[in-house]
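Enquirer: Questions regarding the structure given below will be posed in turn.
Laboratory data are not the source of any read-out in this text; all were calculated from the coordinates shown. Treat the numbers as computed from the prediction; the structure is a model and nothing was measured. Cβ placement follows ideal geometry from the backbone for every residue including glycine, while neighbour counts extend to all protein chains displayed.
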Ligand SMILES: [Zn+2]
Ligand SMILES: [Zn+2]
């Protein structure tokens, strides 16, 4: 299995992934906007078991309790940039969300396949990807694709 190194902008947070992302998309929610200090986030989702996590003292985790599912968002303690998020969904394996730009091996990144929380957008996206508006519709589109990827991905 090939392992690819990932890192935050400044390089302090180092971790690696050993399998391609399950899903990649753009999230326009206000939490992502605030967390990334950007109009939207380009995120890739990996199976938790495919990720070797960064050293705990390099990341400051923050829990966003208002949003189900349980999300832990980790920022680099040095550059303060988003580094890694851990998502625990009921009845599913742990999912890890990584800013797509952190993954240095393009082969592990599929093309983005959707926009979610598009009703929160700051600017219109100039592409033909499906755009989901509203909380439920966004969550549903995302979960359905994630589940599909998990089911078809097989077992390592
Ligand atoms: Zn950093
Ligand atoms: Zn978001």
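Enquirer: Please label the shape of region 1-44 as rounded, prolate or oblate, based on the square roots a ≥ b ≥ c of the eigenvalues of the alpha-carbon gyration tensor (a/c under 1.5 means rounded; beyond that, a/b larger than b/c means prolate, else oblate).
Expert: Verdict is oblate for region 1-44.
Enquirer: If I stretch the segment between residue 152 and residue 111 completely, what's the gain in nm (0.36 nm per residue apart, minus their alpha carbon distance), one decimal? Don't jump to the answer; show the numbers that get you there.
Expert: Numbers: separation 41, 0.36 × 41 = 14.76 nm, distance 1.74 nm.
Here the segment from residue 152 to residue 111 would lengthen by 13.0 nm.
Enquirer: Among rounded, prolate and oblate, which fits region 86-131 when a ≥ b ≥ c are the square roots of the eigenvalues of its C-alpha gyration tensor, a/c under 1.5 means rounded, and a/b larger than b/c means prolate?
Expert: Values: a/c = 2.20, a/b = 1.28, b/c = 1.71.
Here region 86-131 falls in the oblate category.
Enquirer: Percent of Cα-Cα pairs per 10 Å bin, from 0 to the last occupied bin, for region 1-99, please list those.
Expert: Histogramming region 1-99 at 10 Å steps yields 16, 51, 32, 2 percent.
Enquirer: Let me ask something else. With each run of n ≥ 4 DSSP H residues scored as -39500 (n - 2.57), what mean residue ellipticity at 222 nm is computed for the chain after dividing by its residue count and rounding to the nearest 500 deg cm²/dmol? Before the final figure, lay out the partial values.
Expert: On the way: 2 runs with 25 residues, N = 156.
Roughly -5000 deg cm²/dmol at 222 nm, from the helical runs in the chain.
Enquirer: So how much slack lies between residue 38 and residue 136, counting 0.36 nm per residue of separation and subtracting their Cα-Cα distance, in nm?
Expert: Values: separation 98, 0.36 × 98 = 35.28 nm, distance 2.29 nm.
This chain segment gains 33.0 nm when fully extended.
Enquirer: Now, a different point. Taking other Cβ within 10 Å of each residue's Cβ, how do 119, 12, 28 sort, fewest first?
Expert: Fewest-to-most Cβ neighbours within 10 Å comes out as 119, 12, 28.
Enquirer: Only counting other Cβ atoms within 10 Å, I'd like 3, 58 sorted with the fewest neighbours first. Walk me through the numbers on the way to the answer.
Expert: Numbers: 3 12, 58 18.
Lowest to highest Cβ neighbour count: 3, 58.
Enquirer: Based on the Cβ-Cβ distance from residue 126 to residue 55, what FRET efficiency comes out when R0 is 35 Å, to the nearest 0.05?
Expert: Details: r = 39 Å, r/R0 = 1.12.
My answer for the efficiency is 0.35.
Enquirer: Hey, another quick one. Give me 111, 127, 50, 42 sorted ascending by neighbouring Cβ count inside 10 Å, so fewest comes first. Before the final figure, lay out the partial values.
Expert: Working: 111 7, 127 10, 50 20, 42 16.
Sorted ascending by nearby Cβ count, the order is 111, 127, 42, 50.
Enquirer: If one computes the Cα centroid of region 74-90 and of region 4-29, what distance in Å separates the two points?
Expert: When both Cα centres are located, 10 Å separates them.
Enquirer: Any idea what diffusion coefficient region 57-156 gets from Stokes-Einstein, in µm²/s, Kirkwood Rh on alpha carbon pairs, 25 °C, 0.890 mPa s?
Expert: On the way: Rh = 15.5 Å.
Translational D for this selection: 158 µm²/s.
Enquirer: Let me ask you something else. How far apart, in nm, are two points set 7 Å out from the Cα along the Cα-to-Cβ line at residue 92 and at residue 144?
Expert: Using points 7 Å along Cα→Cβ, the separation is 1.4 nm.
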